[in-house]
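Visitor: One structure, as structure tokens, below. Some questions next.
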Amino acid sequence: MAAITSDMKVGEIVRNWPETMQVFRNHGLNLQCGGTHSVAYAAGKHGFDLDTFLAELNSARQNAALPKL
């Protein structure tokens, strides 16, 4: 599946990749907005570096997709 991008909605990301919820929690986000805002909006509003935030989200997505040995 494609990478998580800045224009994707937070709710869409969590629905498709539940493992990303921990990344949002680590940044103090709890989806009170209903997940309707984009990653870019959330990063800007809360002062996160967008590239770093996206890297963390994509890392969580990729790590969950790896087979468990």
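The values are calculated or read from the model by the stated rules, or taken from the named source; none is laboratory data. Please read all numbers here as calculations on a predicted model, not as lab measurements. Every residue, glycine among them, receives a Cβ derived from its backbone with ideal geometry; neighbour counts consider all protein chains shown. We work out accessible area using only protein heavy atoms, side chains counted, and drop any ligands, DNA or RNA first. Shrake-Rupley method; radii C 1.70, N 1.55, O 1.52, S 1.80 Å.
Visitor: Given R₀ = 22 Å, what would the calculated FRET efficiency be for residue 63 paired with residue 33, taking r from the Cβ atoms and rounding to 0.05?
Guide: Working: r = 26 Å, r/R0 = 1.16.
So, using R0 = 22 Å, E works out to roughly 0.30.
Visitor: Counting only Cα, what are the radius of gyration and maximum Cα-Cα distance Dmax of segment 3-69, in Å?
Guide: My reading of the Cα-based Rg and Dmax gives 11.3, 39 Å.
Visitor: For the chain, which whole percent of the accessible surface, found with a 1.4 angstrom probe, sits on carbon and sulfur atoms? Don't skip to the answer; put the middle values down first.
Guide: Working: 2290 of 4360 Å².
Percent of accessible area from carbon and sulfur atoms in the chain: 53.
Visitor: Also, quick follow-up: Hey, what did the chain get for relative contact order, percent, Cα under 8 Å, at least 6 apart?
Guide: Details: 55 pairs, mean separation 28.6, N = 69.
In percent, rounded to a whole number, it is 41.
Visitor: Now, a different point. Write down the accessible area per residue of the chain in Å², having rolled a 1.4 Å probe over the full set of protein chains.
Guide: Numbers: 4360 Å² over 69 residues.
I get 63 Å² per residue for this part.
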